[in-house]
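Asks: Before we start, here is the structure in question, set down as structure tokens.
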Amino acid sequence: MTKRVREILSYYDSENAGVRSNLARLMNHGKLAGTGKFVILPVDQGFEHGPARSFAVNPAAYDPRYHFQLAIDAGCNAYAAPLGFLQAAAAEYAGDIPLILKLNNHDLLHDEKDPLPSVTGSVKDALRLGCAAIGFTIYPGSSQAQTMYQELRELGEEARANGLAVVVWSYPRGSTISKQGETAIDVVAYGAQIAAQLGAHVIKVKPPTAFIEQPEAKKVYEANRVPIEPLSARIRNVVQSAFDGRRIVIFSGGPKEGDDNLLNEIREIHAGGGFGSIIGRNSFQRPKADALTLLNKVMDIYKG
């Protein structure tokens, strides 16, 4: 085990051996093994956005096996998906890559302003499928946030008791947050802090913009001259907000975009001390050969 992996594991010294072993399992797998950096393939978009919007551009991706193989061939640290996609192929690919079972999901057929995802899997499902971790989405700012926080506490407690790590998607959203505010630096940093306070071992957030949503937060950022330019400075602020970098913070890849834009963003995440990326649509919505080329470039950046 490398010095860097041991250092990161020391941030979780209150956890049991099972949780720490599974965190090590995530960090010691794939092309970034031992670096303390992450590139994870998440494929929850079929549930979250709908099958046509997610897979029609690359029809091979309708098949759950496609994503297992893509994550394996790319050398990702892990593959994350809801129950259906994982159990459709977990037996066939048993032991080939660490898995993260997404335990709650939200669909767009009823896209309310204050979302509350449904719990769609269990810790027992994660254990049955041989997962290293559970995944869970929270929407800080939603009027339903307290329900999500309570669900996460209960599921996180059960996961820990069974040695599973906890990965939290923290996406601020709700009727009192503007669309621009969902990725504002103060709001994203707040979302990372909330996830850390709720016991997340790995925190997934969106790359923040330089916009500041909350008037009181804006006063503090300005009075203390907290740097928010360039993107790497904002990444550093978000990581700092997750217990001064003592929690793993990774950043979403977002909608499909050009390679140059995505790779420039990855460079900024790396420069700002981000622990890595979780890249879905920018991976599986490309032809497989193009996706592998892109993911290799991303991993090369994180290797430094």
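Asks: Take the residues in segment 225-256 that are of a type in the set (D, E, K, R) and in contact with a helix residue (DSSP H, G or I) (Cβ under 7 Å, 6 or more places away or on another chain), then tell me which one is farthest from Ala165 (Cα to Cα).
Replies: Checked segment 225-256; the qualifying residue farthest from Ala165 (Cα to Cα) is Lys256.
Asks: Within segment 158-173, is there a residue that is free of Cβ contacts under 8 Å to residues at least 12 places away in the same chain and not aliphatic (A, V, I, L, M)?
Replies: Taking every residue of segment 158-173 in turn, none turns out to be free of Cβ contacts under 8 Å to residues at least 12 places away in the same chain and not aliphatic (A, V, I, L, M).
Asks: Collect the residues in segment 292-301 that are over 18 Å from Phe251 (Cα atoms) and in contact (Cβ under 8 Å) with a residue 12 or more places away in the chain, keeping them in residue-number order. Break it down into steps so the answer makes sense when it comes.
Replies: Here is the first cut: in segment 292-301, the ones over 18 Å from Phe251 (Cα atoms) are 292-293.
Once the filter is applied, which keeps residues that are over 18 Å from Phe251 (Cα atoms) and in contact (Cβ under 8 Å) with a residue 12 or more places away in the chain, segment 292-301 yields only Leu292.
Asks: Another question, then. Being free of Cβ contacts under 8 Å to residues at least 40 places away in the same chain, within 17 Å of Phe284 (Cα to Cα) and not hydroxyl-bearing (Ser, Thr, Tyr) is true for just one of Ile40, Ile72. Which residue is that?
Replies: Details: Ile40 fails: free of Cβ contacts under 8 Å to residues at least 40 places away in the same chain.
Within the list Ile40, Ile72, the selection yields Ile72.
Asks: Would you mind listing the helices (runs of 4 or more DSSP H) fully within segment 175-292 where at least 1 residues are closer than 30 Å to Leu70 by Cα? I'd like the intermediate steps shown before the answer.
Replies: Working: elements: 185-197, 215-223, 231-241, 259-271, 281-284.
Of the helices (runs of 4 or more DSSP H) lying wholly inside segment 175-292, those with at least 1 residues that are closer than 30 Å to Leu70 by Cα span 185-197, 231-241, 259-271, 281-284.
Asks: Go through segment 183-200 residue by residue and tally those that are under 21 Å from Ala233 (Cα atoms) and within 14 Å of the chain's Cα centre (by Cα). Let's see the steps before the verdict.
Replies: As a first pass, look at segment 183-200 and keep what is under 21 Å from Ala233 (Cα atoms): 183-196.
Next, from what is left, pick out any that are within 14 Å of the chain's Cα centre (by Cα): 188, 191-192, 195-196.
Selection size over segment 183-200: 5.
Asks: I'd like to know if segment 270-290 contains one or more residues that are touching a residue at least 60 places away in the same chain (Cβ under 8 Å), closer than 30 Å to Tyr62 by Cα and exposed (fewer than 14 other Cβ atoms within 10 Å of the Cβ).
Replies: Scanning segment 270-290, I find at least one residue that is touching a residue at least 60 places away in the same chain (Cβ under 8 Å), closer than 30 Å to Tyr62 by Cα and exposed (fewer than 14 other Cβ atoms within 10 Å of the Cβ), so the answer is yes.
Asks: Here is a follow-up. I'm trying to understand the selection: among the residues of segment 105-141, which are surrounded by 23 or more Cβ atoms within 10 Å (Cβ to Cβ) and assigned to a strand (DSSP E or B)?
Replies: If the condition is that a residue be surrounded by 23 or more Cβ atoms within 10 Å (Cβ to Cβ) and assigned to a strand (DSSP E or B), then Ala133, Ile134, Gly135, Phe136, Ile138 are the ones that fit.
Asks: Just one of (1) closer than 20 Å to Ile278 by Cα; (2) out of contact with any Lys or Arg (no Cβ under 8 Å at 6 or more places or on another chain); (3) buried (at least 21 other Cβ atoms within 10 Å of the Cβ) trips up Ala80, so point out which.
Replies: Of the numbered conditions (1) closer than 20 Å to Ile278 by Cα; (2) out of contact with any Lys or Arg (no Cβ under 8 Å at 6 or more places or on another chain); (3) buried (at least 21 other Cβ atoms within 10 Å of the Cβ), the odd one out for Ala80 is (2).
Asks: Could I ask something else about it? So which of Leu155, Leu108, Leu116 is touching a residue at least 60 places away in the same chain (Cβ under 8 Å), over 16 Å from Pro42 (Cα atoms) and of a type in the set (A, V, I, L, M, F, W, C)?
Replies: Numbers: Leu155 fails: touching a residue at least 60 places away in the same chain (Cβ under 8 Å); Leu116 fails: touching a residue at least 60 places away in the same chain (Cβ under 8 Å).
After applying the criteria, what remains is Leu108.
Asks: Might you let me know whether segment 76-84 holds any residue that is more than 17 Å from Ile134 (Cβ to Cβ), touching a residue at least 40 places away in the same chain (Cβ under 8 Å) and not polar (S, T, N, Q)? Before you say what the answer is, go through the steps one by one.
Replies: Our first condition is that a residue be more than 17 Å from Ile134 (Cβ to Cβ); within segment 76-84, this holds for 76.
With the extra rule that they be touching a residue at least 40 places away in the same chain (Cβ under 8 Å), the set shrinks to 76.
Subset that is not polar (S, T, N, Q): 76.
Yes.
Asks: Looking for something of a type in the set (S, T, N, Q) and loosely packed, with under 14 Cβ neighbours inside 10 Å - is there at least one such residue anywhere in segment 148-155? Don't jump to the end; show me each part of the working.
Replies: The first filter runs over segment 148-155 and keeps only residues of a type in the set (S, T, N, Q), leaving 150.
Filter once more, keeping what is loosely packed, with under 14 Cβ neighbours inside 10 Å: 150.
Taking every residue of segment 148-155 in turn, at least one turns out to be of a type in the set (S, T, N, Q) and loosely packed, with under 14 Cβ neighbours inside 10 Å.
Asks: Output the qualifying pairs, or none if there are none: Cβ atoms under 7 angstrom, residues six or more apart or on different chains, first residue in segment 251-265 and within 13 Å of Gln285 (Cα to Cα), second residue part of a loop (DSSP other than H, G, I, E, B) and of a type outside the set (A, V, I, L, M).
Replies: Note: pairs meeting the criteria are Gly253/Gly280; Gly254/Lys206; Lys256/Gln285.
Rule-based calculations on the coordinates, nothing more; no lab input. Just so it is clear, the model here is predicted, and its values are computed rather than measured. Quick reminder, even Gly has a Cβ in these numbers, built from the backbone with ideal geometry, and neighbours come from all protein chains shown.
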